[in-house]
Amino acid sequence: MKIAIMGGSLRKGSLNLRLLGHIARSIMALGPKVRIASGHELRIPLYDADAPPPHEAVALHNLLTDSQALVIVSPEYNAGIPAHLKNAVDWVSTMTPTPFRGLPVLLASASPGAFGGARAQMQWRATLANLGAIALPGGITVPLADRNLDADGVPLDPRTAAEVQKALAAFLDLTGKLAARP
Ligand SMILES: Cc1cc2nc3c(=O)[nH]c(=O)nc-3n(C[C@H](O)[C@H](O)[C@H](O)COP(=O)(O)O)c2cc1C
């Protein structure tokens with residue numbers, strides 16, 4: 001099973017990128033292969049219907065088309081989706097075949113704030129529903145992440161750490177069930 005993970009902010013010290021690393025290692029420990037799109041791979045020129053898809057968008061489309069599931073590790077900007085991630089998804093949504101229809105998606109977010117990026121996830125759910133993707137009902141949120149993530153992206157709070165593992169198990173279970181369908 002191949003799982004794509006996209007996310008993190010564009011800054012070097014991204015808390016979400018740190019969380020992404022922990023999620024990637026946790027998934028690999030459970031068996032599936034993981035491929036990551038982050039950093040410069042998500043620094044894509046703004047969507048322009050008059051321009052051909054940039055090579056980064058083509059690469060992301062190829063990655064998603066060749067994956068059975070997607071994890072999005074998204075910061076929250078002004079209670080919503082950061083522009084670089086929405087732009088990446090918008091580009092891929094214009095390309096065929098669509099990788100999103102029926103694709104299981106796990107949402108994860110980390111924020112120094114008390115909501116842990118939950119409001120960005122609400123926007124993601126609307127976008128993913130529009131694309132026909134299947135978002136797992138329970139996402140991963142890491143509140144107070146500037147104090148609650150170690151250097152490897154592992155939550156220091158045992159309850160949050162356990163919730164990450166529980167969400168990953170539920171996500172891989174859903175992905176396996178969808179992949180097994182004729
Ligand atoms: C433009 C902007 C808007 C932000 N709005 C929110 C917000 O609505 N909710 C929140 O929890 N954090 C907000 N933040 C704080 C981010 O959660 C914080 O900078 C976080 O560390 C960004 O993710 P990163 O560490 O992966 O870069 C905002 C940050 C920026 C730069």
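Overview of values
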read-out	value
Evaluation of VAL142 against (1) of a type in the set (A, V, I, L, M, F, W, C); (2) surrounded by 18 or more Cβ atoms within 10 Å (Cβ to Cβ); (3) over 16 Å from the mean Cα position of the chain (by Cα) (one fails), failing number	(3)
Members of the stretch 24-47 that are more than 16 Å from the ligand (Cβ to nearest atom), hydroxyl-bearing (Ser, Thr, Tyr) and part of a loop (DSSP other than H, G, I, E, B)	TYR47
Selection count, the stretch 11-23, where residues are more than 8 Å from the ligand (Cβ to nearest atom) and in a loop (DSSP other than H, G, I, E, B)	1
Every residue from the stretch 92-115 that is within 16 Å of the ligand (Cβ to nearest atom), over 16 Å from the mean Cα position of the chain (by Cα) and hydrophobic (A, V, I, L, M, F, W, C)	ALA114, PHE115
Checking ASN87 against (1) in a helix (DSSP H, G or I); (2) away from the ligand (no atom under 16 Å from the Cβ), the condition it does not meet	(2)
Selection within the stretch 110-143 - in contact with a Leu (Cβ under 9 Å, 6 or more places away or on another chain) and in a helix (DSSP H, G or I)	ALA120, GLN121, TRP124, ARG125, LEU128, LEU131
Matching residues, the stretch 126-176, being free of Cβ contacts under 8 Å to residues at least 60 places away in the same chain, of a type in the set (S, T, N, Q) and in contact with a helix residue (DSSP H, G or I) (Cβ under 8 Å, 6 or more places away or on another chain)	THR127, THR141, ASN148, THR160
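Matching residues to (1) of a type in the set (Phe, Trp, Tyr); (2) part of a strand (DSSP E or B):
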site: TRP91; (1), (2): yes, no
site: THR96; (1), (2): no, no
site: PRO99; (1), (2): no, no
site: ALA108; (1), (2): no, yes
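Listed here are the residues, each with its yes/no results for (1) small (Gly, Ala, Ser); (2) away from the ligand (no atom under 14 Å from the Cβ).
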residue: GLN121; (1), (2): no, no
residue: LEU128; (1), (2): no, yes
residue: GLY138; (1), (2): yes, yes
residue: THR141; (1), (2): no, no
residue: ALA145; (1), (2): yes, no
residue: ALA161; (1), (2): yes, yes
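Bear in mind that the values in this text are calculations on the coordinates, not laboratory data. Please read these numbers as outputs of a predicted model, since none were measured by experiment. Note that each Cβ is placed from the backbone with ideal geometry, even for glycine, and that neighbours are counted across all protein chains shown.
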